[in-house]
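Engineer: I am attaching a structure below and will ask some questions about it afterwards.
The values are calculated or read from the model by the stated rules, or taken from the named source; none is laboratory data. All of these numbers come straight from a predicted model, not from anything done at the bench. Here Cβ is always computed from backbone atoms with ideal geometry, including for glycine, and neighbour counts include all displayed protein chains. Remember, those area values only see protein heavy atoms, side chains included, never the ligands or the DNA or RNA. Shrake-Rupley method; radii C 1.70, N 1.55, O 1.52, S 1.80 Å.
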Amino acid sequence: MSNNYSLFEDFPHQPLATNILLASLKVNHIAPTYLFSGPKGVGQKEIAMRFFEGIINKEENSIKTRRQLENMQHPDLLVIEPTYLYQGKIITQSIAKSENLSSHLSPQIRLDQIQEIKKFSTKKPIESTISMVLLEDVHLLNESASNALLKTIEEPTNAIFILISSMPDKLINTIKSRCQRIAFKPFSSEILKNTLDEYSEKLDFDSKSIQEEIIALSQGSPELLIKNINLIKNIPKEILSKSVDLPKEQLKALMLAKNITDELNSEQQIWLIDWMQHFYWRKQLDINKIKRLEQLKTHLRSSINQKIAWEIALIDIIDN
């Protein structure tokens, strides 16, 4: 299977993960279920597709197969991603992202999606000898979907499952115990700094400290880094600076709450809380502020008035 040694040549930053997968292909010892863990966007999905390619192509290289998998158009491949309930309709996470849609609800992998997996995995493959199922952000399973997935991977099928998660600890232990876990490393700060430099024109922040904070907040993930860049560029400097250097007077805190809710949408407000939590942990190790901000995040995702939620939270923080 010498040709398979070129499968992962495009992913030099994940040698541990790719070496383990190559070893599995070499001895033809493929686990029924894998859990690819690590920060978002460090190659898990792309490497999963190359691994699928290695499984179904054996010793032969096929441009057709690679393109089918990369475009997620292979007839024996099923990709499941979290969905949003948006204006009464279920839409996928990728569509919501491409159309800049927002929702107060968190994305979920739902029971009907797991039922689709079960139906798919029991069918006879069309072009290959095995069916392939990829689940993105699998930690976003709701409870009923989680139980259904466990039953699905427990039953013998002619399918291989790859679960991808940046928060594997949120998965139930019985699912994790049935997976071969492959750890993906975060990218180095140097790699993220190079990515940040490519997007420097989008940022109106020339402060080195802010750039360092953006890199640290991205946790080794280029996907999160780009998301952070796109969010921070539309947040007024004054709000950004005051959010980590809170006014001592209650009246000014109330004005800050008003500015935040007047000028930032829901997604930007959640991101600002993440920014504040990150700052208070790195600079002050203040767990109380972090917990209070986490409570605020929960309130913003509910139907509570955003301005009132911010007012109460900021006054609580400056008074304690």
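Engineer: Does anyone have the angle between helix 250-263 and the longest principal axis of the chain? Alpha-carbon axes, 0 to 90°, nearest 10?
Structural biologist: In the chain, helix 250-263 runs at an angle near 40 degrees to the longest axis.
Engineer: Roughly speaking, what is the stretch gain from S177 to A216, that is 0.36 nm per residue apart minus the C-alpha to C-alpha distance, in nm to one decimal?
Structural biologist: Working it through step by step, the gained length comes to 10.9 nm.
Engineer: Under a no-solvent Debye model with one identical scatterer per Cα of the stretch 1-140, what's log10 I(q)/I(0) at q = 0.11, 0.20 Å⁻¹?
Structural biologist: After summing over all Cα pairs, the log10 values are -0.46, -1.31.
Engineer: Now a separate question. Between rounded, prolate and oblate, where does the stretch 19-74 land on the alpha carbon gyration tensor, with a ≥ b ≥ c its root eigenvalues, rounded for a/c under 1.5, else prolate if a/b exceeds b/c?
Structural biologist: Here the stretch 19-74 falls in the oblate category.
Engineer: Further, regarding this structure: Hey, what angle do you get for helix 44-57 against the long axis of the chain, alpha-carbon based, 0 to 90 degrees rounded to 10?
Structural biologist: It is inclined by approximately 10 degrees.
Engineer: Continuing with the same structure: Could you tell me the relative contact order of the chain? Use alpha-carbon pairs under 8 Å, at least six residues apart, and round to a whole percent.
Structural biologist: 19
Engineer: Counting only DSSP beta bridges with both residues in the chain, what percent are antiparallel, rounded to the nearest 5?
Structural biologist: Of all bridge pairs located within the chain, approximately 20 percent are antiparallel.
Engineer: Using Cα atoms only, what is the angle between the long axis of helix 266-279 and the major principal axis of the chain, expressed in degrees (0 to 90) to the nearest 10?
Structural biologist: 80
Engineer: Now a separate question. Report Rg(Cα)/(2.2 N^0.38 Å) for the chain, keeping two decimals.
Structural biologist: 1.12
Engineer: Let me ask you something else. Could you do me a favour and compute the accessible area per residue for the chain, 1.4 Å probe, result in Å²?
Structural biologist: Numbers: 17140 Å² over 320 residues.
On a per-residue basis, the chain sits at 54 Å².
Engineer: Assign unit charges at the C-beta atoms only (+1 for Lys and Arg, -1 for Asp and Glu), then state the dipole size of the chain relative to its Cα centre in Debye, rounded to the nearest 20. Mind dumping the intermediate values first?
Structural biologist: On the way: 39 positive and 40 negative charges, 136 e Å.
Around 660 debye, computed over the chain.
Engineer: Further question on the same structure: Report the Rg/Rh value for the stretch 62-179, based on alpha-carbon coordinates and the Kirkwood definition of Rh.
Structural biologist: 0.98
Engineer: Would you mind calculating the gained length between K208 and D274 on full extension (0.36 nm times residue separation, minus the Cα-Cα distance), in nm to one decimal?
Structural biologist: 21.8 nm
Engineer: Calculate how many DSSP beta bridges within the stretch 85-224 are antiparallel, expressed in % of all such bridges and rounded to the nearest 5. Display every interim value, and only then the final one.
Structural biologist: On the way: 2 of 8 bridges.
In the stretch 85-224, DSSP labels about 25 percent of beta bridges as antiparallel.
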